[in-house]
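Worksheet: one structure, shown below.
No lab work stands behind these numbers, since they all come straight from the coordinates. Everything numeric in this text was worked out from a predicted model, so none of it was measured. Every residue, glycine among them, receives a Cβ derived from its backbone with ideal geometry; neighbour counts consider all protein chains shown.
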């Protein structure tokens, strides 16, 4: 039975580690907004689990077009992290080449909603 318990514990810990490394969405507060409201710096609002420290600021996050009418400094926003790298995306509707195998990364954030 001890071997089975170790296997079960290993699988549970593996799943937890994978979940911790995958970024999907976060609530954040806007700390900077460029003049035309197309990019923002945001501070994730959820503190780090172990020590309650602030998470790293997300810089130059693209702001979705529908959010641009409602966003401002200190707005609470929903930031989503795209499945693939957007480093080569020029902000248009043109196809772009992936520059890496990066997935669900903090560098691929987009503001998709402004919350009340």
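Given springs between every Cα pair under 10 Å in a Gaussian network model of the chain, which of 101, 65, 54 has the largest fluctuation?
In this elastic network of the chain, the residue with the biggest mean-square fluctuation among 101, 65, 54 is 101.
Give the angle, between 0 and 90 degrees and rounded to the nearest 10, that separates the Cα long axis of helix 2-21 from the longest principal axis of the Cα atoms of the chain.
It works out to around 10 degrees.
If you compute Cα extents along the principal axes in Å for the structure shown, which of (i) 41, 31, 24; (ii) 62, 36, 20; (iii) 44, 28, 27 do you land on?
Correct label, based on the coordinates given: (ii).
Ranked from highest to lowest mean number of other Cβ atoms within 10 Å per residue, what is the order of the peptides 38-46, 12-20, 67-75?
Ranking the peptides 38-46, 12-20, 67-75 by packing returns 38-46, 67-75, 12-20.
Can you give me the relative contact order of the stretch 23-115 as a percent, contacts being Cα pairs under 8 Å and 6 or more apart?
Value for the stretch 23-115: 31 percent.
Any chance you could run the full-extension gain for residue 25 through residue 52? It's 0.36 nm times the residue separation minus the Cα-Cα distance, nm to one decimal.
Contour length minus Cα-Cα distance gives 7.8 nm.
So what is the calculated 222 nm ellipticity per residue for the chain, using -39500 (n - 2.57) for each DSSP H run with n of 4 or more, over all residues, to the nearest 500 deg cm²/dmol?
Value at 222 nm, helices only: -6000 deg cm²/dmol.
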